[in-house]
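Data block below; observations after.
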Amino acid sequence: MLDGLRSRYHAVLRRVRRFERREVREFRRWIEHTANLIHLSILLVVPLVIAAVTAVSNSVDMLPFVLFPPLASGTFTLFAEPEGEYASPAKFVGGLTAGALCGTLAIWVGLQTSMRDPLGASQLVVSPVEAALAIFLTGGVTWALDFEEPSAFSTALLALIAPAFSNSAGFEEFFLQFVASVFLASSIVAVTFHVWREQFYERRSQFLYQSTNGDDHVLVPMRGEGSRTAATFGARLAAAHDAGKVVLLDVVDEAAIEAAERTVQVPTEMAGTELVDPDAAEAEGVETEEVQVAEESAQRLETEANRIETEVGVPCEVVVVGDGENLARTVLKAARETNCDLVVTPYEEERGSLSEFVRGLFRSDIDAIAFRSGGESRDRWKRVLVPVRRPGDTAHAMIDFARRLTGLAGSISVCTCIDRENERRSAETTLANLVETFEGSFETRVSRASIESFLSANDTYYDLTILGASTDRSAASRFVSPPTFERLHDLECDVAIVHRG
C-alpha cells in the first residue's frame with residue numbers, strides 16, 4: 001500500500017511539473033510580444049516608481065501631493081512608448097522643470113500686478129490671466145529648448161494652485177520648494193526609466209527571446225536530392241554561434257538492406273553452410289548486410305561532413321540509425337540523443353501536400369525547418385525576405401535565422417500584408433518592434449496586396465524567403481486559411497519553413 005501511495009505521489013508530482021513547464025513556456029511566448037511586455041512593465045514598474053516618489057515626499061516634506069497626477073501621467077507616457085517622441089529622460093525632466101518655472105513665473109507676474117491674493121490666502125483662486133500666461137510661457141520655453149512635453153503644461157498649471165497647499169511664508173521659498181520638488185521627482189522617474197530601457201527593454205532579445213540563444217546544434221536528415229543544400233543551410237545557421245555544430249543523420253531502411261543482400265558475398269569455405277554464426281562471420285571478416293549499409297552510409301556522410309567543415313568552418317558529426325517504426329520519431333529521438341535543438345530537413349511532398357515525415361517533425365516540441373530549394377544550388381543567402389503575420393516567438397526566430405544567414409553585410413526585408421489602409425500605422429509599429437532588438441539594418445515593408453501576390457512579385461529579388469509553418473494556429477484556422485507555404489509552389493528563390501517547438 002505504501003508503494004502504491006508513493007507511486008501516486010510521484011505521478012501527481014510529474015503532472016504538476018509538466019503543467020508548470022507548459023505554463024512557463026506559454027508565458028515566455030506571451031511576453032515575447034513587445035506590447036505585452038510594455039503593458040506588464042507599466043503594471044509592475046510605474047506603481048513602484050510612484051510609491052518611491054511618495055516615500056520621498058513623506059520623508060523630506062518637499063514634494064506637494066498635487067504634483068503626482070502629472071508625474072504619473074508622464075511616467076505612463078515614458079514606459080508606454082519607450083521609443084516614442086517623448087521617450088527621453090532629459091526631455092522629461094527638462095519639460096516638467098520648465099513647466100514648474102513658467103508656472104511660478106506667472107505667479108510672480110500676478111503678484112506684481114495684483115492679480116492674485118497674497119500667498120497666505122486660504123481661498124483657492126486662480127486668475128485666468130495667470131493661467132494663460134503660464135501656458136504661453138511653457139509653450140515658448142519648451143519649443144525653444146526642444147522640451148515639448150505634455151506633462152510640462154500640467155506642472156505649469158499646478159504651480160498656480162500649489163501655494164494653497166504649501167506651508168511656505170514667501171514666494172521665494174515656495175519657488176525653490178516647488179521647482180526643486182518637480183526636478184527631484186521627475187529625476188527619480190527618469191533614472192528608473194533609463195535603467196529599465198537600457199538594461200532590460202533594449203536587451204530583451206537576450207533575456208526573453210529563446211531563438212536568439214538556442215538553435216545552434218543542428219541535425220540534418222540527409223534525405224533526397226535537396227539534402228546537400230539543406231545541410232549547407234543548417235551549417236550556416238549553426239556557424240553563427242560559437243557553440244554551433246552540425247549532425248548529419250542517415251536512416252538505414254529495409255529497402256537499403258534488401259539491396260545490400262544481393263551484393264554481399266559469402267566466402268567459399270562457408271558457402272555450403274545453411275546458417276552463418278554472426279560471431280564467426282565477424283571473426284572471418286564477413287560483413288552483414290546491415291553493417292555494409294551502415295558503413296557505406298557513414299562514408300558518404302563523412303565526405304559531406306568534411307566538405308561542410310572546410311567550406312563553412314563549423315564542427316560536423318555523422319550518425320547512422322535504423323528507421324524504426326516511425327521515421328519522424330526516429331529523427332527526433334536522434335536529435336535528443338545528440339543534444340540538437342533544431343532539425344533542418346529537405347522539403348518533402350506527398351500527393352501535392354506536405355509529407356507525413358515533415359508533418360511529424362512539425363508536431364514535435366523541437367524546432368524544425370523544412371528547406372525547399374528554388375532550383376539554383378546555393379551555399380550562401382545574402383538577401384532574405386521574412387513575411388510575418390503577427391509578432392511572437394516564431395517571428396523572432398525567423399528574423400534571427402535571417403540575421404544568422406546574412407550576417408551584418410547582407411540585407412533583410414521584414415514585411416507584412418494588410419487588408420485595409422487604416423491598419424498601416426499599426427503594422428509599421430509592429431514591424432519596428434520586431435526588428436529593433438536585432439543588430440544591423442533592416443528594411444520593413446507593409447503591402448496592401450495578398451501575401452501570395454506579394455511574394456510572387458518579389459521572389460526574384462531575394463535568395464531566400466523564410467515563412468512560418470503556422471503550427472501555432474488551431475486546426476480550424478488552418479482549414480479556413482491554409483498556411484502560406486502550402487499555397488506557394490512556384491517561387492524562384494529558396495524557401496525555409498519554420499516550426500517553433
Among the residues of the stretch 430-448, is there at least one that is part of a loop (DSSP other than H, G, I, E, B), of a type in the set (Gly, Ala, Ser) and over 20 Å from Ala35 (Cβ atoms)?
yes
Test Phe454 against the stated conditions and say whether it is surrounded by 17 or more Cβ atoms within 10 Å (Cβ to Cβ), modelled with pLDDT of 85 or more, within 21 Å of Ala239 (Cα to Cα) and aromatic (Phe, Trp, Tyr).
no
Of the numbered conditions (1) modelled with pLDDT under 75; (2) part of a loop (DSSP other than H, G, I, E, B), Ala162 fails exactly one; give the number of that condition.
(2)
If you check Arg390, Arg404, which single one turns out to be among the charged types (D, E, K, R), surrounded by fewer than 18 Cβ atoms within 10 Å (Cβ to Cβ) and closer than 16 Å to Leu467 by Cα?
Arg390
So which residues in the stretch 448-469 are touching a residue at least 60 places away in the same chain (Cβ under 8 Å) and either of a type in the set (A, V, I, L, M) or on the phi > 0 side of the Ramachandran plot (or both), if there are any at all?
Ile451, Leu455, Leu464, Ile466, Leu467, Ala469
Could you tell me which numbered condition Ala475 fails, if it satisfies all but one of (1) exposed (fewer than 12 other Cβ atoms within 10 Å of the Cβ); (2) at pLDDT 80 or above?
(2)
So is Thr465 of a type in the set (Val, Ile, Thr) and at pLDDT below 90 or not?
no
All-but-one check, Asp419 against (1) part of a loop (DSSP other than H, G, I, E, B); (2) modelled with pLDDT under 85, failing number (2)
In this structure, does Ala496 turn out to be modelled with pLDDT under 90, outside any loop (DSSP other than H, G, I, E, B) and aliphatic (A, V, I, L, M)?
no
Of residues in the stretch 343-375 being without any contact (Cβ under 8 Å) to a residue 24 or more places away in the chain and among the acidic types (Asp, Glu), the one nearest to Ala35 (Cα to Cα)
Glu349
Whether any residue in the stretch 326-340 is touching a helix residue (DSSP H, G or I) at 6+ places or on another chain (Cβ under 9 Å), hydrophobic (A, V, I, L, M, F, W, C) and surrounded by fewer than 19 Cβ atoms within 10 Å (Cβ to Cβ) is what I want to check.
yes
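The values are calculated or read from the model by the stated rules, or taken from the named source; none is laboratory data. This is a predicted model, so every value here is computed, not measured. Every residue, glycine as well, gets a Cβ built from its backbone with ideal geometry; the counts of neighbours run over all protein chains shown.
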